Amino acid sequence: MSWKGRVWKSILEKRRKSRIHFTLIDPDKTSPDDAENIARIALSSGSDYILVGGSLGVSPEGTDAVITAIKKYNVPVIIFPGALNNVSPRADAAFFLNIINSDDPYYHSIAQVQGALIVLHHNIEPIPTCYVIVGYGGTAGYIVRARPIPYEKPELVAAHSLACAMMGSKIIYLEAGSGAPKSVPPEAIVYSRRLIEKASLDVLIIVGGGVRSPEAARILAQAGADGLVTGTIAEENPELLADIIRAFKGD
Ligand code: 1GP
């Protein structure tokens, strides 16, 4: 079954019932066989969507092969592009990114202009997403020339989130970077939510990077995150994934 054109609607429907978990698979680090295995574990652990993307070494062929393997399961696959070579016609949807704290104009307009035509021609559902890089930032932060917002400045994260919401993003993705030593601070979510509600705007806040324990996931949920993205844990400690998802969803 194709999810094309129905992914955003399904995210909203799912959120009405529960918080949402996304499993990130990096086609550079994961073979198609491993991707299929991770997707199976993720879905049986309660994950809702598979994100596919990476910042380095990702080829169009590798992305296609990984998505084809995941598509054995009836799960929406969303591209989370590190670059245009992540955009695959096999994907159902794409986080169409505005990297709000990149210092590089390429990531504010040219990448979107180039990507828009590819997304349209491949009939991929675009989900306008504002990407806010906090603290560690990781490889993604380095590659996109982000100026990561210090962990100690949650009010600055919130000001970015408010701007994202005012510019019409449907999702705000607060990113500490894959493998970050600590996740985005919970205050950043609390303050973001407060400002966005004050402005009477409606946007989902998802958070990712460095979440390795149920306790860390619970703290982010209690702070008001709508969605959690994890990547590394499914590769390194898949037996922990179900507990992390349960803690985040509050089941
Ligand atoms: C990276 O936020 C994601 O974009 C996932 O990070 O690999 O640390 O779970 P982890």
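Give me the residue from region 140-155 that is within 11 Å of Glu187 (Cβ to Cβ) and part of a helix (DSSP H, G or I) and, out of that set, farthest from the ligand (Cβ to nearest atom).
Of the residues in region 140-155, the ones within 11 Å of Glu187 (Cβ to Cβ) are 151-155.
From the residues that got through so far, the ones that are part of a helix (DSSP H, G or I) too are 154-155.
Working: Pro154: 18, Glu155: 22 Å.
This residue is Glu155.
Looking at region 118-164 only, could you name the residues that are open to solvent by less than 20 Å² (accessible area, probe 1.4 Å), of a type in the set (Val, Ile, Thr) and closer than 24 Å to Leu56 by Cβ?
Val119, Ile124, Ile127, Thr129, Val132, Ile133, Val134, Val144, Ile149
If a residue must be surrounded by fewer than 20 Cβ atoms within 10 Å (Cβ to Cβ), farther than 21 Å from Gly138 by Cβ and in contact (Cβ under 8 Å) with a residue 24 or more places away in the chain, how many such residues does region 46-71 contain?
Residues that pass the stated criteria total 5.
Please find, within region 167-182, the residue that is farthest from the chain's Cα centre (by Cα) out of those that are surrounded by 14 or more Cβ atoms within 10 Å (Cβ to Cβ) and more than 13 Å from Gly227 (Cβ to Cβ).
The first filter runs over region 167-182 and keeps only residues surrounded by 14 or more Cβ atoms within 10 Å (Cβ to Cβ), leaving 169-180, 182.
Filter again for more than 13 Å from Gly227 (Cβ to Cβ), leaving 169, 176-180, 182.
Working: Ser169: 14, Ala176: 11, Gly177: 11, Ser178: 11, Gly179: 14, Ala180: 15, Lys182: 17 Å.
Ranking the candidates gives Lys182 first.
Please count how many residues of region 161-183 are part of a loop (DSSP other than H, G, I, E, B) and within 16 Å of the ligand (Cβ to nearest atom). Walk me through it before giving the result.
Looking only at region 161-183, we keep the residues that are part of a loop (DSSP other than H, G, I, E, B), and these are 167-170, 176-183.
This time we only want the ones that are within 16 Å of the ligand (Cβ to nearest atom), so: 176-183.
Residues flagged as part of a loop (DSSP other than H, G, I, E, B) and within 16 Å of the ligand (Cβ to nearest atom) within region 161-183 amount to 8.
Looking at Gly5, is it buried (at least 24 other Cβ atoms within 10 Å of the Cβ), within 21 Å of His122 (Cα to Cα) and small (Gly, Ala, Ser)? Write out each step before concluding.
Values: buried (at least 24 other Cβ atoms within 10 Å of the Cβ): no; within 21 Å of His122 (Cα to Cα): yes; small (Gly, Ala, Ser): yes.
Against the criterion (buried (at least 24 other Cβ atoms within 10 Å of the Cβ), within 21 Å of His122 (Cα to Cα) and small (Gly, Ala, Ser)), Gly5 does not qualify.
Just the residues that are open to solvent by 10 Å² or more (accessible area, probe 1.4 Å) and either closer than 21 Å to Leu120 by Cα or within 16 Å of the ligand (Cβ to nearest atom) (or both), please, taken from region 72-98.
Scanning region 72-98 gives Phe80, Pro81, Gly82, Ala83, Leu84, Asn85, Val87, Pro89, Arg90, Phe96, Leu97, Asn98.
Looking only at region 35-44, count every residue that is open to solvent by less than 80 Å² (accessible area, probe 1.4 Å) and farther than 13 Å from Val77 by Cβ and tell me the total.
2
Of all residues in region 4-50, count the ones that are in a strand (DSSP E or B) and not β-branched (Val, Ile, Thr).
At the first step, the residues of region 4-50 found to be in a strand (DSSP E or B) are 20-25, 49-50.
Then drop every residue that is not not β-branched (Val, Ile, Thr), which leaves 21-22, 24, 49.
Summing the residues that are in a strand (DSSP E or B) and not β-branched (Val, Ile, Thr) in region 4-50 gives 4.
Going by the structure shown, is Val211 surrounded by 15 or more Cβ atoms within 10 Å (Cβ to Cβ), in a loop (DSSP other than H, G, I, E, B), β-branched (Val, Ile, Thr) and within 11 Å of the ligand (Cβ to nearest atom)? Talk me through it step by step, then tell me what you get.
Working: surrounded by 15 or more Cβ atoms within 10 Å (Cβ to Cβ): yes; in a loop (DSSP other than H, G, I, E, B): yes; β-branched (Val, Ile, Thr): yes; within 11 Å of the ligand (Cβ to nearest atom): yes.
So Val211 fits the description; yes.
Residue under question is Ile70, and the condition is that it be within 22 Å of Ile11 (Cα to Cα) and in contact with a Leu (Cβ under 8 Å, 6 or more places away or on another chain); does it hold?
Judged against the criteria, Ile70 is not a match.
Which residue pairs have Cβ atoms closer than 7 Å, lie 6 or more positions apart in sequence or on different chains, and pair a first residue in region 158-187 that is at positive phi with a second residue that is more than 16 Å from the ligand (Cβ to nearest atom)?
Every condition considered, the pairs that remain are Gly168/Pro128.
Pick from region 217-232 the residues that are near the ligand (Cβ under 10 Å from one of its atoms) and more than 13 Å from Gly46 (Cβ to Cβ): which of them is nearest to the chain's Cα centre (by Cα)?
Applying the filter and picking the extreme gives Val229.
The values are calculated or read from the model by the stated rules, or taken from the named source; none is laboratory data. Quantities reported herein were computed from a predicted structural model and do not represent experimental measurements. Cβ atoms come from the backbone with ideal geometry, glycine included; neighbour counts cover every protein chain shown. Heavy atoms of the whole protein, side chains included, go into the accessibility calculation; ligands, DNA and RNA do not. Shrake-Rupley method; radii C 1.70, N 1.55, O 1.52, S 1.80 Å.
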